[in-house]
Amino acid sequence: MLSRRLVELFRWVDPGPGSSHLVSDTAGWWRDPAALADLGPALAGLFPAARPTVVVAPEATGLLLGPLVAVAAGAGFLPAYKDGGERRRVGALRWAETSPDHRGHRQRLGLDTARLGPADRVLLVDDWVDSGAQLDALHRVVATTGAEVVGAVAVVTTCPPAVAERLRLRTLLTGDRL
Ligand SMILES: O=P(O)(O)OC[C@H]1O[C@H](OP(=O)(O)OP(=O)(O)O)[C@H](O)[C@@H]1O
C-alpha cells in the first residue's frame with residue numbers, strides 16, 4: 001500500500017549542531033520507482049470526480065509533484081513561483097503574500113494568471129501542508145482569475161483539521177505516522 005511505503009521511505013534528519021529541530025527528508029519518495037509511479041495517480045484519486053483542467057503547485061517541491069498529479073488527472077500544470085532568489089521569472093506574474101508559514105516566514109507566491117480563466121477547474125497540489133499558508137495564498141490568487149478551485153491534495157498534512165477543511169485539503173498521510 002502506497003501510504004505505508006511512503007512512511008518507510010521517509011526520514012527525519014538531524015542537521016547537526018546549531019539546529020533545534022529535525023528536518024524532513026522526502027528524497028526516498030522520488031528515488032523509489034514504484035512510489036514515484038504511484039504518487040500522481042494516488043493524489044489525483046483523492047478527488048476522483050473533480051475533473052481539474054489545471055494543477056497549480058508551489059515551488060520548490062510542488063514543481064516536482066504537481067506535474068505527476070497533472071498527468072494522472074489529465075490536466076495541465078501551472079507553477080507558482082516563490083519570490084526571491086536570483087532567477088528572473090518570465091510572464092506577467094500576479095503575486096499573493098502568505099500569512100506566516102511553518103517557519104514563521106511570509107512569502108510571496110507568483111502565478112501567471114493570464115494562463116487561467118473562468119472555465120478552469122484548479123486542483124492545488126503540495127507535498128506537505130503545515131500552517132496552510134501557501135495553499136491559502138494560492139486559493140486567493142486563483143480566485144482573482146474567476147477559475148474554480150476544486151480542492152487541494154498533498155502527501156502529508158500536519159495542519160489542524162479546521163484548516164484542512166477550509167482549504168478543501170485531502171492527503172495520503174497525516175504527520176503522526178512519520
Ligand atoms: O503549510 P505551510 O506552512 O505553508 O508549509 C507548507 C510548505 O512548506 C514546504 O515548502 P518549503 O519552502 O519548506 O520547502 P520546498 O522548497 O522544499 O518545497 C512545502 O513544500 C509547502 O510548500
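The numbers here are math on the coordinates, done by the rules we state, and not lab data. Model, not experiment: these values are computed from the prediction. Note that we place each Cβ from the backbone using ideal geometry, even for glycine, and neighbour counts take in every protein chain shown.
The figures follow:
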read-out	value
Efficiency of FRET between residue 60 and residue 4 - r from beta-carbon atoms, R0 35 angstrom, step 0.05	0.85
Distance cut-off 25 Å, percentage of C-alpha pairs in the chain lying past it	31 percent
Full-extension gain in nm, residue 71 to residue 83, via 0.36 nm per residue minus C-alpha separation	1.7 nm
Calculated on alpha-carbon atoms, Rg and Dmax of region 54-143 in Å	12.4, 35
Gain upon complete extension [residue 51, residue 115; 0.36 nm per residue less C-alpha separation]	21.3 nm
Spherically averaged projected area in nm², based on the convex hull that wraps the Cα atoms of region 1-42	3.3 nm²
Expected 222 nm ellipticity per residue - DSSP helices of 4 or more, -39500 (n - 2.57), all of the chain, to 500	-8500 deg cm²/dmol
Note, ³J(HN,Hα) from phi for region 18-24, Karplus 6.51, -1.76, 1.60, rounded to Hz, x at Gly and Pro	x, 10, 9, 8, 6, 10, 6
Potential lengthening between residue 170 and residue 36 on full extension [0.36 nm per residue; Cα-Cα distance subtracted]	46.4 nm
Cleavage-rule hits (trypsin sites (Lys or Arg not before Pro)) in region 62-96: DSSP loop, at most 13 neighbouring Cβ within 10 angstrom	87, 88, 89
Kyte-Doolittle at least 0.0, axis length at least 24 Å by Cα - qualifying DSSP helices, the chain	none
Computed over region 30-95, the ratio Rg/Rh where both radii use C-alpha atoms and Rh is Kirkwood	1.04
Distant alpha-carbon pairs in region 108-178 (separation over 20 angstrom), percent	29 percent
Residue 23/residue 140 FRET efficiency (R0 30 Å; Cβ-Cβ; nearest 0.05)	0.60
